Amino acid sequence: MIAVFYSAAALTLVTTALAITRANPVHALMFFVISLLGMGVIFFDLGAPFAAALEVIVYAGAIMVLFLFVIMMLSLDKAAERRERSWMAKPIWVAPIALVGMLGLELVRVMLHGAAAGAAHEVSPQVVGIRLFTSDMAAVELASMLLLAGLVGAFHLGRKDL
Amino acid sequence: MIPWQMPAVLALMLFLLGLLGLLARKNLVFVLMSIEIMLNAAGLLFVTAGMRWGNPDGQIMLIFVFNLAGAELALGLVLILRLRGRMTSLDGDAAVLLRDRP
């Protein structure tokens, strides 16, 4: 269990780091999909099989495919990739790495002085579903309204005559 | 058993990687991808907390995070497509005025 978790965590971290440093968006997206699959393994290891299935089916399967379609519609060529490479010059990364490192140190300090470790529990899909569709019903309705707003917004912005 | 700090630290590192990408990249496609990475890290932290206390709320929040990511990504991608129709590059800095240059 522990070995699976650590190898999946390492895979996720490495592929995410690769994803944000590629010049070609399609390569970056493929690395990101691998990182999402690693995240699915981690969810399964943590005792959340339903979340693992959702991560693979909804996130890696549906949302990333949408992303891929749009990248293909953008018809990026070799010139775009070269321009992208020139935008990624070394000095660009200095200030962001400094800022992110500072935030990371603060968060690590918070975590080190946090509460003691506890035992892991498995949460089955049944429990999630029962809670989701009884006491959290209002949140489900709000989420459906959010999706409808996203659909209407995308439809409006995507009109030909805009 | 995996101590809960380990996935929490992993979520923290993923969030920081996403933030790094958001700050350093100019291309709007990569900016959107970095936002997705940060949302995913938040989802991992929710599931970790759910595991820590054996509570289904963590996974429920993950479902809402996916919901939000889907809605946000659809709008963001449409905006990128519109921007691509108006200018040749996907440089986020080229579209800071929200109108045509005088």
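The values are calculated or read from the model by the stated rules, or taken from the named source; none is laboratory data. These figures come from a predicted structure and were not determined experimentally. Here the Cβ positions follow ideal geometry from the backbone for every residue, glycine too, while neighbour counts run over all protein chains shown.
Observations, loosely collected:
- When the range A:44-73 is filtered for residues that are at the interface with chain B (Cβ under 9 Å from one of its Cβ atoms), surrounded by 15 or more Cβ atoms within 10 Å (Cβ to Cβ) and more than 14 Å from B:T48 (Cα to Cα), the ones remaining, listed by number, are A:L54, A:E55, A:V58, A:Y59, A:I63, A:M64, A:F67, A:V70, A:I71.
- Selection within the range A:13-43: residues that are assigned to a loop (DSSP other than H, G, I, E, B) and of a type in the set (A, V, I, L, M, F, W, C). The member of this set that is nearest to the other protein chains (Cβ to nearest Cβ) is A:I20.
- Pairs with Cβ under 9 Å, 6+ apart, first in the range A:97-123 and exposed (fewer than 10 other Cβ atoms within 10 Å of the Cβ), second at pLDDT 80 or above: A:L112/B:Q5
- Count of residues meeting criterion [part of a helix (DSSP H, G or I) and surrounded by fewer than 20 Cβ atoms within 10 Å (Cβ to Cβ)] in the range B:77-93: 10
- Selection count, the range B:43-56, where residues are surrounded by 18 or more Cβ atoms within 10 Å (Cβ to Cβ) and more than 7 Å from chain A (Cβ to nearest Cβ): 3
- Only one entry of B:N67, B:N40 meets the criterion of being without any contact (Cβ under 8 Å) to a residue 12 or more places away in the chain, of a type in the set (S, T, N, Q) and within 7 Å of chain A (Cβ to nearest Cβ), and that entry is B:N67.
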